[in-house]
Protein chains: 2
Amino acid sequence: MNELDFIDRLKEIATHPAARGLADDAAVIPFGRQKLVLTHDMMVEGVHFLSDANPADVAWKLVAVNLSDLAAKGAKPLGVLLGYSRSGNEWDEVFMLGLKQAIDHFCVPLLGGDTVSPKEEGSRTLGLTAFGEVKGHIVPSRGGAMAGHSVYVTGAIGDGWAGLQLAKRGTNATEATAKLLKAYNRPQPRLDEGRALSTLVSAMMDISDGLLLDASRIADASNVAIEIDLAKIPLSPEFMSIFGDDQNSRMNAATGGDDYQLLLTASPETVLPVPAVKVGLCKSGTGLIMLYDGQIIKQPMNLGFIHA
Amino acid sequence: MNELDFIDRLKEIATHPAARGLADDAAVIPFGRQKLVLTHDMMVEGVHFLSDANPADVAWKLVAVNLSDLAAKGAKPLGVLLGYSRSGNEWDEVFMLGLKQAIDHFCVPLLGGDTVSPKEEGSRTLGLTAFGEVKGHIVPSRGGAMAGHSVYVTGAIGDGWAGLQLAKRGTNATEATAKLLKAYNRPQPRLDEGRALSTLVSAMMDISDGLLLDASRIADASNVAIEIDLAKIPLSPEFMSIFGDDQNSRMNAATGGDDYQLLLTASPETVLPVPAVKVGLCKSGTGLIMLYDGQIIKQPMNLGFIHA
């Protein structure tokens, strides 16, 4: 049974509407007068983080990527539960420092979880559950985009990808490299933006696996085509200063993942309450249409990072 | 940093009252007019299950042990999220069968989670988050037992331990061995009992690590001494038919763990709404007092199974 078979089998089991077909960033379940939003994301050494990564950064990222799923639902985080496999060495200690930094920074309490000590050491595997609340009744999904709606991102794309390249190859410490490394190691989930946008968007998700791959997921879930113009994707000055601004570097930014910006669609009349850059358009049809400066270009083989 | 240092460090971080000092079965957080109860328990190959265990049983147990934590809070389960490391072989397939059986049996929906594929294989590690609701305001903890209160268990103790012995050594299939193996492999969390008892008890928890160890935890959390009489511990006919009924076999039952019965204390005037057997008494003082048929006996070196 391969990865996709396995997930298909899980989907057959997860028939409850709150599971959203396992095709959304989080589960959403009515709870009293509110909605409860829950997510559980894992990180694996060698897949989601480098083996020589700073454990404090890994801890931060574990919290941040889960909170990013809550941001995509416009949820206010209420707490996290940690699932931790102990190493029994200094790694644990440094991890804990990063965990405390993240907990404090995002003001989200650690409420429980479990720690275990595996007998045989394999790839380090970490899990975190984050949950939050939505007061209103509207919780965005990936499935509401309509032809004619605009496609936006909440900030620079590609800094996470750029940081990963720098982390892999080693680099001189400059202001620009430090900022890109930080974008990769210490992502900032768009919690405030998510809450401000959640009742205004037609679809929303966080960009973890690459803008193009994630846009194609909204297209699929919404039964629309999504046209993305690479030339419109916002790049940071730091990204451009090191990786340039041509079609190739823009394609790297759009497929690299680890952005944790929000990707959203909204009617063109909607006035968005937070800064966002229009990168494309929803059209009738299916799948992704790639443009560069208004001209149709070939789609890349990989739209993003498939790492499950 | 050893295990206990690590958990102490976690406790320093988990200062929110809903975390209950990480010294309870689950986190309890007010949510609208209700209370939300959350738990995340992990299971590791070679620690929590045998390497040759049936993966369907492992899946069942992963769900059951988490639901047992909800039972201890009197919570109604609302859903689970799975954190799964894929093997990429038949193990996954059989696991999925057991997962579906458990989900269906306990009527608790699978709502999400994550699957990953570790690069290097170590001990199989699985995680599950379960959450539920309590409608009233009273959620039992381990900390409310008072001197003079009686100590009860909701059913037979030792069947889980007995099943593990049979699983380890292999055995002829008889009605008795089948029942004991099932008690170990397919535990039944006391969800209905937990909900019926939750507003009447002074303290409650589920017995996962051994009756004596778990009783000592209630004693510590409540600042009382707890006296347990081994002779009063209910054993199943199947347990007695294979492992006998003497002090030694009762000590095995009381320290073996994997019972998933509820352990509770209540005022002697309280009429319990579900069957429960009185096994001891809370007294002023601290720690555990062991009796066998009314006579004080020596405490065992290990009160239970410390496996984190």
**Request:** Quickly run through region A:70-97 and pick out the residues that are at the interface with chain B (Cβ under 10 Å from one of its Cβ atoms), in a strand (DSSP E or B) and either in contact with a helix residue (DSSP H, G or I) (Cβ under 7 Å, 6 or more places away or on another chain) or within 23 Å of A:ALA53 (Cβ to Cβ) (or both).
**Result:** A:GLY79, A:VAL80, A:LEU81, A:LEU82, A:GLY83, A:TYR84, A:SER85
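Scan region A:50-78 for residues that are among the small types (Gly, Ala, Ser), in contact with a Gly (Cβ under 8 Å, 6 or more places away or on another chain) and under 15 Å from A:HIS40 (Cβ atoms) and jot them down.
Going residue by residue through region A:50-78, those that are among the small types (Gly, Ala, Ser) are A:51, A:53, A:56, A:59, A:64, A:68, A:71-72, A:74-75.
With the extra rule that they be in contact with a Gly (Cβ under 8 Å, 6 or more places away or on another chain), the set shrinks to A:56, A:59, A:71-72, A:74-75.
Within region A:50-78, A:ALA72, A:ALA75 meet the criteria.
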**Request:** Among the candidates B:ALA162, B:ALA173, single out the residue that is over 15 Å from B:PRO273 (Cα atoms) and surrounded by fewer than 16 Cβ atoms within 10 Å (Cβ to Cβ).
**Result:** B:ALA173
**Request:** Look at region A:182-215 and say how many of its residues are out of contact with any Pro (no Cβ under 7 Å at 6 or more places or on another chain), small (Gly, Ala, Ser) and closer than 13 Å to A:ALA276 by Cβ.
**Result:** 1
**Asked** Within region A:12-42, can you find the residues that are among the hydrophobic types (A, V, I, L, M, F, W, C) and more than 8 Å from every other protein chain (Cβ to nearest Cβ)?
**Response** A:ALA23, A:VAL28, A:VAL37
**Asked** Residues of region A:119-166 being within 12 Å of another protein chain (Cβ to nearest Cβ), more than 25 Å from A:MET43 (Cα to Cα) and not aliphatic (A, V, I, L, M), which ones?
**Response** A:LYS135
**Fill in**
Selection from region A:103-125 of residues in a loop (DSSP other than H, G, I, E, B) and within 23 Å of the chain's Cα centre (by Cα) yields A:CYS107, A:VAL108, A:PRO109, A:SER123, A:ARG124
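In this structure, does A:LYS100 turn out to be in the same structural domain as A:MET43 (by TED's automatic domain parsing), surrounded by fewer than 24 Cβ atoms within 10 Å (Cβ to Cβ) and assigned to a loop (DSSP other than H, G, I, E, B)? Steps first, answer last, please.
On the way: in the same structural domain as A:MET43 (by TED's automatic domain parsing): yes; surrounded by fewer than 24 Cβ atoms within 10 Å (Cβ to Cβ): yes; assigned to a loop (DSSP other than H, G, I, E, B): no.
In short, no.
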**Request:** Check off (1) more than 7 Å from chain A (Cβ to nearest Cβ); (2) crowded, with 22+ Cβ neighbours inside 10 Å; (3) aliphatic (A, V, I, L, M); (4) within 28 Å of B:ALA145 (Cβ to Cβ) for B:VAL58 and give me the number that stays unchecked.
**Result:** (4)
**Complete:** Counting only residues that are outside any helix (DSSP H, G or I) and farther than 20 Å from A:LYS298 by Cβ, region A:216-243 contains a total of 5
**Request:** Filter region B:258-301 down to residues that are under 17 Å from the mean Cα position of the chain (by Cα) and in a loop (DSSP other than H, G, I, E, B) and give me whichever is farthest from the other protein chains (Cβ to nearest Cβ).
**Result:** B:ALA276
**Asked** So which residues in region B:126-164 are among the aliphatic types (A, V, I, L, M), under 21 Å from B:LEU230 (Cβ atoms) and in a strand (DSSP E or B)?
**Response** B:VAL151, B:VAL153
**Prompt:** Which of the residues belonging to region B:79-97 are buried (at least 23 other Cβ atoms within 10 Å of the Cβ) and closer than 29 Å to B:THR199 by Cβ?
**Reply:** B:VAL80, B:LEU81
**Request:** From the list A:GLY158, A:GLY144, pick out the single residue that is touching a helix residue (DSSP H, G or I) at 6+ places or on another chain (Cβ under 9 Å), over 23 Å from B:VAL28 (Cα atoms) and assigned by TED's automatic domain parsing to the domain that holds A:ALA276.
**Result:** A:GLY158
**Prompt:** Taking region B:31-65 on its own, how many of its residues are in contact with a helix residue (DSSP H, G or I) (Cβ under 8 Å, 6 or more places away or on another chain) and part of a strand (DSSP E or B)?
**Reply:** 6
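Quick one: is A:LEU200 outside any loop (DSSP other than H, G, I, E, B), surrounded by 18 or more Cβ atoms within 10 Å (Cβ to Cβ) and modelled with pLDDT of 95 or more?
Details: outside any loop (DSSP other than H, G, I, E, B): no; surrounded by 18 or more Cβ atoms within 10 Å (Cβ to Cβ): yes; modelled with pLDDT of 95 or more: yes.
So A:LEU200 does not fit the description; no.
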**Message:** Suppose we keep only residues that are more than 9 Å from every other protein chain (Cβ to nearest Cβ) and touching a helix residue (DSSP H, G or I) at 6+ places or on another chain (Cβ under 9 Å) within region B:105-118. Which one would you say is surrounded by the fewest Cβ atoms within 10 Å (Cβ to Cβ)?
**Reply:** B:HIS105
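The values are calculated or read from the model by the stated rules, or taken from the named source; none is laboratory data. Here the structure is a predicted model, which means the values were calculated and not measured. Glycine also receives a Cβ, built like all others from the backbone with ideal geometry; neighbour counts cover every protein chain displayed.
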